[in-house]
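Student: Got a structure for you, questions after.
The values are calculated or read from the model by the stated rules, or taken from the named source; none is laboratory data. Predicted, not measured: the structure shown is a model, and the values here were computed from it. All Cβ positions, even for glycine, are placed from backbone atoms using ideal geometry, and neighbour counts span all protein chains on display.
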Amino acid sequence: MRIFSGIQPTGSKHLGNYIGAIMQYVSGQERGQALYCIVDLHAITVAYDPAQLRSSLYDLTALLLAAGLDPRRCILFRQSDVVEHTELTWLLCSVTELGRLQRMHQFRDKSTAQRELVSAGLLVYPVLQAADVLAYRAHEVPVGEDQREHLELMRDVARRFNQRFGGGSDVLVVPEHRIPEVGARIMDLQDPTRKMSTTGSSQEGTVYVLDEPKQIEKKIRRAVTDSGTEIARSPEKPGVSNLIEILAVARGASPEQVEREMAGARGYGDLKAATAEAVVELLAPVREGYLERRADEAALEAILCEGAQRAREIAAATLADVRERMGVGAPRRDRSLP
Ligand code: AMP
Ligand code: TRP
């Protein structure tokens with residue numbers, strides 16, 4: 001089984017990214033051949049600073065290694081190092097419906113928020129994301145809840161490609177979405193009706209993976225909760241439900257176990273204290289590992305280069321098949337297809 005996911009090198013990663021995505025990346029290394037891609041080409045679809053992009057890319061590489069990605073057990077690489085992603089994006093554009101791209105939530109939200117230029121890249125963003133995954137014929141894509149629409153699109157693109165060009169065989173694999181059962185949507189601690197996010201949520205309501213333990217404690221202790229005292233999940237109690245989920249994931253327990261354990265608590269104060277402690281325990285080693293690795297950019301670069309070489313071997317084989325099927329480029333002498 002092959003697992004693929006991509007992650008943006010922008011901004012600092014928060015607890016939502018960590019629980020919704022990064023923890024799944026780490027466990028994915030045990031379940032199959034895992035590829036993780038830092039998507040710098042997606043990051044250039046909105047206004048950005050080139051020097052900052054390079055530095056954020058190393059930040060994220062160091063963070064992912066500190067979180068437990070092991071280059072001996074997964075392929076960790078930078079998207080722009082594997083040119084097959086961009087070539088496949090263009091080829092897949094021919095089986096992607098324009099109207100569908102225009103209706104994507106992310107495109108609508110980001111194009112309204114963009115004050116200067118709404119780039120064509122922003123519109124084509126989901127096709128690049130489809131190419132990322134389809135180039136590796138990956139079976140499974142671990143991501144948070146917010147990526148559902150992008151996953152549906154890439155599945156449709158793969159199906160349409162196979163119908164149009166597959167000649168009866170499946171040249172591309174239609175990937176499955178893997179969303180964590182608990183923690184697929186971590187909410188802002190100050191406004192638990194909104195998801196925790198890099199843009200648009202409050203600083204006080206966002207726990208960053210690299211926050212110092214003291215900051216983490218402060219943010220969790222000040223989390224907005226609801227009226228009442230009962231520690232149980234319910235739609236009327238988004239704040240408490242969010243803390244229960246966070247605590248459960250941080251401890252490796254189920255939300256039901258947490259609710260049972262907290263039944264005798266004196267109120268939300270106990271829930272917050274337990275959550276703060278568990279999150280500090282979860283993130284403190286990541287921060288330390290990050291600080292140890294971040295300064296050695298040459299070492300980070302070496303890991304990314306090696307990852308790209310390995311990724312490229314897989315992607316190049318898919319591209320050869322795709323080109324052949326689409327009648328693009330010189331015909332292949334060896335016409336055997338999967
Ligand atoms: P990004 O930083 O936008 O590349 O997102 C990285 C991953 O984190 C994606 O798989 C998202 O689905 C996931 N993610 C982002 N925000 C949250 C959140 N609040 N809760 C759970 N997962 C999230
Ligand atoms: N769009 C994704 C996000 O914002 C990142 C991403 C790019 C991705 N390519 C991918 C996720 C391929 C999964 C698979 O989080």
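Student: In region 12-27, what residues are within 7 Å of ligand 1 (Cβ to nearest atom) and either over 12 Å from the mean Cα position of the chain (by Cα) or hydrophobic (A, V, I, L, M, F, W, C) (or both)?
Tutor: Ile19, Ala21
Student: Across region 132-141, which residue is surrounded by the fewest Cβ atoms within 10 Å (Cβ to Cβ) among those that are within 7 Å of ligand 2 (Cβ to nearest atom) and not in a strand (DSSP E or B)?
Tutor: Filtering first and then ranking leaves Asp132.
Student: Return a yes/no flag: does region 31-45 have any residue that is away from ligand 1 (no atom under 12 Å from the Cβ) and without any contact (Cβ under 8 Å) to a residue 24 or more places away in the chain.
Tutor: no
Student: Using beta carbons and a limit of 6 Å, which pairs, at least six apart or on different chains, have the first residue in region 147-173 and over 19 Å from Met326 (Cβ atoms) and the second one modelled with pLDDT under 95 and not in a helix (DSSP H, G or I)?
Tutor: Qualifying pairs under 6 Å: Leu151/His177.
Student: A further question follows. Working only within region 28-58, note down all residues that are within 14 Å of the chain's Cα centre (by Cα) and either part of a strand (DSSP E or B) or surrounded by fewer than 19 Cβ atoms within 10 Å (Cβ to Cβ) (or both).
Tutor: Across region 28-58, the qualifying residues are Ala34, Leu35, Tyr36, Cys37, Ile38.
Student: Any idea how many residues of region 6-24 are within 10 Å of ligand 2 (Cβ to nearest atom) and either assigned to a helix (DSSP H, G or I) or in the same structural domain as Val280 (by TED's automatic domain parsing) (or both)?
Tutor: Number satisfying all stated conditions: 3.
Student: Hey, another quick one. Just name the residue that is modelled with the lowest pLDDT out of those in region 25-50 that are within 11 Å of ligand 2 (Cβ to nearest atom) and not aliphatic (A, V, I, L, M). Don't jump to the end; show me each part of the working.
Tutor: Applying the first criterion (within 11 Å of ligand 2 (Cβ to nearest atom)) to region 25-50 yields 25, 35-43, 45.
When the remaining residues are screened for being not aliphatic (A, V, I, L, M), the result is 25, 36-37, 40, 42, 45.
Numbers: Tyr25: 97, Tyr36: 98, Cys37: 98, Asp40: 98, His42: 97, Thr45: 94.
Checking each candidate, the answer is Thr45.
Student: For the list (1) more than 14 Å from ligand 1 (Cβ to nearest atom); (2) buried (at least 22 other Cβ atoms within 10 Å of the Cβ), I need the number of the one condition that Arg160 fails.
Tutor: Failing condition for Arg160: (2).
Student: If we scan region 253-263, do we find a residue that is touching a residue at least 40 places away in the same chain (Cβ under 8 Å), outside the structural domain of Leu91 (by TED's automatic domain parsing) and surrounded by 13 or more Cβ atoms within 10 Å (Cβ to Cβ)? Talk me through it step by step, then tell me what you get.
Tutor: Start the filter on region 253-263 by keeping residues that are touching a residue at least 40 places away in the same chain (Cβ under 8 Å), which leaves 254-255.
Add one more test, that the residue is outside the structural domain of Leu91 (by TED's automatic domain parsing), and what stays is 254-255.
Okay, now just the ones that are also surrounded by 13 or more Cβ atoms within 10 Å (Cβ to Cβ), so 254-255.
Yes, the conditions are met somewhere in region 253-263.
Each row is one residue, and each column tells you yes or no for (1) out of contact with any Lys or Arg (no Cβ under 8 Å at 6 or more places or on another chain); (2) more than 14 Å from ligand 2 (Cβ to nearest atom).
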position: Leu98; (1), (2): yes, yes
position: Val127; (1), (2): yes, no
position: Ala130; (1), (2): yes, no
position: Val143; (1), (2): no, no
position: Ile179; (1), (2): no, no
position: Met187; (1), (2): no, yes
position: Pro192; (1), (2): yes, yes
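Student: Show the residue pairs meeting these rules: Cβ distance below 9 Å; 6+ apart or different chains; first residue within region 120-145 and over 12 Å from Leu101 (Cβ atoms); second residue more than 8 Å from ligand 2 (Cβ to nearest atom) and of a type in the set (Phe, Trp, Tyr).
Tutor: Within 9 Å, the pairs are Ala131/Trp90; Leu134/Phe161; Pro142/Tyr25.
Student: Only one residue in Glu152, Glu116 is of a type outside the set (Lys, Arg) and away from ligand 2 (no atom under 16 Å from the Cβ). Which one? Break it down stepwise before answering.
Tutor: On the way: Glu152 fails: away from ligand 2 (no atom under 16 Å from the Cβ).
Within the list Glu152, Glu116, the selection yields Glu116.
Student: Please pick out the residue among Gln102, Gln114 that is touching a residue at least 60 places away in the same chain (Cβ under 8 Å) and either in the same structural domain as Leu172 (by TED's automatic domain parsing) or not basic (Lys, Arg) (or both).
Tutor: Values: Gln102 fails: touching a residue at least 60 places away in the same chain (Cβ under 8 Å).
Just a single option satisfies the conditions, and that option is Gln114.
Student: Which residue, of Arg115, Arg108, Arg100, is in a helix (DSSP H, G or I), away from ligand 1 (no atom under 16 Å from the Cβ) and modelled with pLDDT under 95?
Tutor: On the way: Arg115 fails: in a helix (DSSP H, G or I); Arg100 fails: modelled with pLDDT under 95.
The conditions single out Arg108.
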